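The values are calculated or read from the model by the stated rules, or taken from the named source; none is laboratory data. None of the values given here were measured: they were computed from a predicted structure. Neighbour counts are summed over all protein chains in view; Cβ atoms, including those assigned to glycine, are modelled from backbone coordinates with ideal geometry. These accessible areas exclude ligands, DNA and RNA; they are computed on the full protein's heavy atoms, side chains included. Shrake-Rupley method; radii C 1.70, N 1.55, O 1.52, S 1.80 Å.
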Amino acid sequence: MTRIFSGVKPTGHLTLGNYLGAVRQWVAAEQEPDEALFCVVDLHALTVEHDPARVRRLSRQAATLLLAAGLTPEKCTLFVQSHVDEHARLSYLLECTASDGELRRMVQYKEKAAKAQGSGEGVRLSLLTYPVLMAADILAYRTGEVPVGEDQRQHVELTRDLAVRFNQRYGYTFTVPKATHPVVAARVMDLQDPRSKMGKSGDAGPGVVFILDEPEAVRKKVMRAVTDSDGGVVYEPAARPGVANLLDILAACTGGEPAALADGYTGYGALKRDVADAVVELLRPVRVRHAELAADPGTVEAVLRAGAGRARAIARPVVDSAYRAIGLLEP
Ligand code: AQP
């Protein structure tokens with residue numbers, strides 16, 4: 001049986017990118033006979049400038065949305081990262097396994113550090129070490145598969161490297177995990193800037209579709225999506241990223257294949273209308289269910305409490321064995 005682990009950061013409202021790149025895979029994975037753990041990785045939200053009240057609000061909202069999207073507490077373990085101390089405990093051991101150079105090479109660190117510096121905020125040390133905490137999130141559960149969007153590929157590679165290095169130095173302790181990505185829409189792009197990833201932590205610009213957006217807002221954003229001046233609908237991600245992004249989204253929503261779907265269109269207007277309809281219909285049941293669950297916060301809290309208990313029971317012996325292997329005395 002493979003164990004699956006993945007998480008989402010409460011750094012903003014969840015987007016269509018989070019849904020297509022990750023959450024939808026998680027709901028599908030939960031149907032398999034594997035054991036699945038999903039986590040609101042709130043400690044990761046502290047790596048950039050944050051408002052404490054907002055992080056609390058977004059953490060609850062993310063957990064509620066994951067349940068609304070179809071995760072069922074009977075089939076998976078849903079919890080909040082900071083409720084399980086083993087993540088931070090293991091992170092320190094992995095900091096003693098990773099090197100400064102390999103963390104400074106992380107693309108996301110370079111991008112986010114440049115952004116933080118540009119806005120005069122200063123770069124938090126935790127932004128540099130965040131991929132190590134992510135490795136701890138994964139390795140504490142002896143995870144086999146990590147379903148994530150394409151942007152997390154490099155961090156899962158680092159996790160694999162750290163697991164192999166630790167095992168070689170101190171004896172077999174961790175399973176070496178592998179990342180899995182959806183076939184289409186593994187990297188949903190910003191509708192206004194299709195060379196950049198659709199992200200939740202920046203300004204809530206018109207290029208970002210949020211899962212909880214009203215249908216009218218979704219339509220407006222899709223209809224205003226940047227395409228290009230060439231006319232004609234063809235699937236050429238490098239040369240025409242805006243059109244390719246719309247075709248990817250349509251394919252992810254309808255189950256088609258992006259290049260084949262392009263053949264059905266002669267102009268951008270009809271393509272955008274179909275994309276807008278498909279996204280609205282995909283997200284509608286999630287919005288409805290979210291509203292029901294948000295009205296009953298006690299249920300969500302109980303799910304998270306039970307989830308943390310189950311997660312702790314799996315992670316504690318793994319992390320304890322890592323402490324022994326690396327040379328620390330048993331208490
Ligand atoms: N645009 C995307 N397309 C496909 N998958 C995506 N994911 C994120 N954006 C896209 C996947 O969603 C999961 C959870 O993401 P996260 O919370 O770890 O990170 P984020 O949404 O990228 O949020 P950030 O880093 O706080 O902000 P931004 O996006 O503004 O840089 C992951 O599996 C991720 O791959």
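Taking the criterion of being assigned by TED's automatic domain parsing to the domain that holds Y92, within 16 Å of the chain's Cα centre (by Cα) and on the phi < 0 side of the Ramachandran plot, would at least one residue in the stretch 159-167 satisfy it? Checking the stretch 159-167: at least one residue is assigned by TED's automatic domain parsing to the domain that holds Y92, within 16 Å of the chain's Cα centre (by Cα) and on the phi < 0 side of the Ramachandran plot. When V123 is tested against (1) β-branched (V, I, T); (2) more than 30 Å from A28 (Cβ to Cβ); (3) within 12 Å of the ligand (Cβ to nearest atom), just one condition goes unmet, and that condition is (3).
Quick one: is H87 buried (at least 16 other Cβ atoms within 10 Å of the Cβ), over 23 Å from G202 (Cβ atoms), more than 16 Å from the chain's Cα centre (by Cα) and within 15 Å of the ligand (Cβ to nearest atom)? Taking the combined requirement at face value, the residue satisfies it.
If you check A29, A63, which single one turns out to be surrounded by 22 or more Cβ atoms within 10 Å (Cβ to Cβ), more than 11 Å from the ligand (Cβ to nearest atom) and not assigned by TED's automatic domain parsing to the domain that holds K221?
On the way: A29 fails: surrounded by 22 or more Cβ atoms within 10 Å (Cβ to Cβ).
When all the criteria are applied, what remains is A63.
Is the stretch 277-294 home to any residue that is at pLDDT 95 or above and farther than 27 Å from G7 by Cα? Yes: the stretch 277-294 contains one or more residues that are at pLDDT 95 or above and farther than 27 Å from G7 by Cα. As a summary of the residue check, Y172 satisfies the conditions (1) buried (at least 18 other Cβ atoms within 10 Å of the Cβ); (2) outside any helix (DSSP H, G or I); (3) not acidic (D, E) except for the one numbered (1).
The set of residues from the stretch 312-327 being closer than 14 Å to G171 by Cα and open to solvent by 80 Å² or more (accessible area, probe 1.4 Å) comprises just one member, R324.
Pull up the stretch 215-256, narrow it to residues that are touching a residue at least 12 places away in the same chain (Cβ under 8 Å) and exposed (fewer than 13 other Cβ atoms within 10 Å of the Cβ), then point me to the one that is nearest to P194 (Cα to Cα). Before you say what the answer is, go through the steps one by one.
Initially, the stretch 215-256 is screened for residues touching a residue at least 12 places away in the same chain (Cβ under 8 Å), giving 215, 218-228, 231-235, 240-254.
The next check asks that each one be exposed (fewer than 13 other Cβ atoms within 10 Å of the Cβ); those that pass are 224, 231-232.
Numbers: R224: 12, G231: 17, G232: 18 Å.
Per the criteria, the residue is R224.
Filtering D161, D151, D193 for residues that are of a type in the set (D, E), open to solvent by 30 Å² or more (accessible area, probe 1.4 Å) and assigned to a loop (DSSP other than H, G, I, E, B) leaves a single hit, D193. Out of all the residues in the stretch 274-306, which are exposed (fewer than 14 other Cβ atoms within 10 Å of the Cβ) and under 26 Å from M189 (Cα atoms)? Answer for the stretch 274-306, where residues must be exposed (fewer than 14 other Cβ atoms within 10 Å of the Cβ) and under 26 Å from M189 (Cα atoms): E281, R284, P285, V288.
This table checks each residue for (1) modelled with pLDDT of 95 or more; (2) more than 10 Å from the ligand (Cβ to nearest atom); (3) open to solvent by less than 10 Å² (accessible area, probe 1.4 Å).
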{"residue": "S6", "(1), (2), (3)": "yes, no, yes"}
{"residue": "G17", "(1), (2), (3)": "yes, no, no"}
{"residue": "V23", "(1), (2), (3)": "yes, no, yes"}
{"residue": "A36", "(1), (2), (3)": "yes, yes, yes"}
{"residue": "V48", "(1), (2), (3)": "no, no, no"}
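Evaluation of T180 against the conditions (1) at pLDDT 95 or above; (2) closer than 19 Å to T11 by Cα; (3) within 12 Å of the ligand (Cβ to nearest atom); (4) of a type in the set (S, T, Y) shows that the sole unmet condition is (2).
Pairs are defined by a Cβ separation below 7 Å, a sequence spacing of at least 6 or placement on different chains, a first member in the stretch 275-300 that is under 26 Å from G256 (Cα atoms), and a second member that is of a type in the set (V, I, T) and surrounded by fewer than 20 Cβ atoms within 10 Å (Cβ to Cβ); the pairs so defined are A278/T254.
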